[in-house]
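What follows draws every value from the coordinates through simple rules; no lab data is involved. This is a predicted model, so every value here is computed, not measured. Glycine gets a Cβ as well: all are built from the backbone with ideal geometry, and neighbour counts include every protein chain shown.
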Amino acid sequence: MLSGTVRGLVADGLRTAVAARGEAALRALVRSTAHPARTLALATDYTDTRGFRSALERARDELGPFRTVVLWIRTPSRDTALPVVADVLAAGAVVVDIRGSAAAAPGRARPLPPPDLAGCDHRPVVLGFADGPDGTRWLTHQEIADGVLAAARAPAPAATTTDDGPGRVIGRVRPWHDRP
Ligand SMILES: NC(=O)c1ccc[n+]([C@@H]2O[C@H](COP(=O)([O-])OP(=O)(O)OC[C@H]3O[C@@H](n4cnc5c(N)ncnc54)[C@H](OP(=O)(O)O)[C@@H]3O)[C@@H](O)[C@H]2O)c1
């Protein structure tokens, strides 16, 4: 889903670390970037807090504190994983925090930035839906990757307060009953 985002950040010249559990897919992703030798694959599971911390600290030691981070972490693991991420960030780091469309459900309170990420340039991004020839559809991987990249590249804090809920929305989330 975010391979295109990784390739975009690497193409921008950022020394990049990419974390996921599957080593073979990670290696293939690194090979597909413009600068494989400058891109670090971190085979790690964010539900294993100790292992995740050790992987991120290894990356921080090699690349320096992270200045731009893209997070796609499922809700049940955020409470344990976000503090680990927070500990390897540079001051004022850009943190693009991807949330599923449920984050923008009607009546859902606009979430506050996670306390662990206080002091960061926290940029929530909600995955919405798009219009297709036969009605609405979920976003393609390319649309998600491009939208996330745009949020990461935006020069100033990208979050916008709108009726659509928290932060930037890729596609749309209103009206809610239009969901595929
Ligand atoms: N709104 C939309 O249009 C839209 C479109 C697409 C997807 N989505 C949302 O995305 C969800 C599924 O997307 P997906 O299949 O790409 O996502 P996913 O299963 O969450 O995986 C996304 C990435 O995260 C990694 N990952 C997953 N769990 C991990 C863990 N515990 N530790 C480290 N890395 C982990 C995966 O690699 P590994 O498996 O190798 O770890 C993969 O690279 C759907 O449920 C949907 O809510 C929404």
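General remarks:
- Looking only at the stretch 5-25, residues that are closer than 19 Å to VAL95 by Cβ and more than 8 Å from the ligand (Cβ to nearest atom) come to 11 in all.
- Scanning the stretch 50-66 for residues that are surrounded by fewer than 16 Cβ atoms within 10 Å (Cβ to Cβ) and under 16 Å from the mean Cα position of the chain (by Cα) gives no hits.
- Counting the residues of the stretch 59-79 that are within 17 Å of ALA20 (Cβ to Cβ) and of a type in the set (Val, Ile, Thr) gives 3.
- Taken together, THR75, THR49 contain a single residue that is within 14 Å of the ligand (Cβ to nearest atom), closer than 23 Å to ALA118 by Cα and in contact with a Ser or Thr (Cβ under 7 Å, 6 or more places away or on another chain), which is THR49.
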